[in-house]
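The structure appears right after this line, and notes come after that.
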Ligand SMILES: [Zn+2]
């Protein structure tokens, strides 16, 4: 009986020491870096478990070729064998972090041992590079309850990741890794990869994947560097806007949970300075090239009826440029960008800045429609907005939306976002928002590319997996490694 009790107490204590700590620091990301600034098209590639005498030099050459700087989380016991390689990583402008001395799991390691693991690796790195590393990545992302505090006392910051690419698994996985890198590419992403360890030969897959993924990410418009990690803290602070109202304090976290969930399920990714994108479908009926929507000016006939009549007339003679079911990119305004915009007191200045930022972002969306496998099948783009002043000038079709239940719901949500994110809260509604009506804004693929794609639109762009098939050289080079 007494033994059972002791066992239960030990399990309970361990539960607090390990899984609970993981929940706080890994799952909830308390005190840890896991993504950068979502308003900037920048991505950090991170490589764990090195250095490796075969794969790390090949990776360094590849990164140099595309002028990419990255982060390397090195293992102490390995790095002491290859000090020259460590020096090379450092000299080529990459950031080196600590990945413990023997790749230990914090769940099953005492706080004393953990301290020793970090300190030994840190000191070795400092001796080799002349610089004390500031960043730490726990093996498997595992935390125990003391780890964060220990790191803070050493003036170090734990870095996790926005997404991982399972590049440690066995077999020829170059294609699936390349697809995984591309599938969640987004502003401020920190990507977990490996240049050593895993299944035998697995870093070769990672290298192959990067040979096609790096140039493709750059074509889409991403800069591959280390700023997402360096600026992560500043970006996190920006997300925590101080609100004074109780309703905002209560509702904003709830909104945040809902928004995160929606983004995850709907694959909504921050892709431009102000927009998050996902792929949806057009469901507003067919549209025709020479159709001009009628504004509601007659009392006897509603705007929708008039438009429907017009559509029937045009439909008899023309092919639609858009029809229901067409894949379309949906644009959602990024909350931080929206927050910055609606904080501008002058409505005129807000409109000017808003239009400028939408215009800049459209160039990015045009590139995504050509080079990003997730968006390239889209036949156009659409979004809902309350701020539509002057937006036709950017080439958008602007339409009133029928007051269906669904549209009223969207309108309510959009206004709620404004209220929740504005320092004045509901007062904002009184200062003009009630005049703002929700509009549907859209543009066909052809219209968008003609206006916003810089340079000539390429006639064919292979998908990322076709690229790997197209260039057998990539495979041959890797096999020689
Ligand atoms: Zn590792």
Checked against (1) part of a helix (DSSP H, G or I); (2) at positive phi, residue 198 satisfies every condition except (1)
Filtering helices (runs of 4 or more DSSP H) wholly in region 241-342 for at least 2 residues that are modelled with pLDDT of 80 or more gives 246-266, 335-342
Scanning region 144-166 residue by residue, the ones that are within 14 Å of the ligand (Cβ to nearest atom), in contact with a helix residue (DSSP H, G or I) (Cβ under 7 Å, 6 or more places away or on another chain) and at pLDDT 95 or above total 4
Kindly check whether there is at least one residue in region 59-72 that is within 28 Å of residue 208 (Cβ to Cβ) and within 14 Å of the ligand (Cβ to nearest atom).
yes
Residue 202 meets each of (1) at pLDDT 95 or above; (2) surrounded by 19 or more Cβ atoms within 10 Å (Cβ to Cβ); (3) within 16 Å of the ligand (Cβ to nearest atom) with one exception, condition (1)
Of all helices (runs of 4 or more DSSP H) fully inside region 365-481, the set with 1 or more residues that are modelled with pLDDT of 95 or more is 445-452
Of those in region 21-58 that are free of Cβ contacts under 8 Å to residues at least 40 places away in the same chain and farther than 28 Å from residue 261 by Cα, the residue nearest to the ligand (Cβ to nearest atom) is 53
Going through region 180-194 in order, the residues found to be surrounded by fewer than 18 Cβ atoms within 10 Å (Cβ to Cβ) and either assigned to a helix (DSSP H, G or I) or touching a helix residue (DSSP H, G or I) at 6+ places or on another chain (Cβ under 8 Å) (or both) are 183
Being within 16 Å of the ligand (Cβ to nearest atom), out of contact with any strand residue (DSSP E or B) (no Cβ under 6 Å at 6 or more places or on another chain) and on the phi > 0 side of the Ramachandran plot narrows 100, 78, 109 down to just 100
Problem set entry | residue 44 in contact with a strand residue (DSSP E or B) (Cβ under 8 Å, 6 or more places away or on another chain) and not in a helix (DSSP H, G or I) | yes
From the option list 152, 248, 219, single residue qualifying as in contact (Cβ under 8 Å) with a residue 12 or more places away in the chain, closer than 26 Å to residue 367 by Cα and surrounded by fewer than 22 Cβ atoms within 10 Å (Cβ to Cβ) is 219
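The values are calculated or read from the model by the stated rules, or taken from the named source; none is laboratory data. Being a predicted model, the structure only gives us computed values, none of them experimental. When we count neighbours, we look across all protein chains shown, and the Cβ atoms used for this are built from the backbone with ideal geometry, even at glycine.
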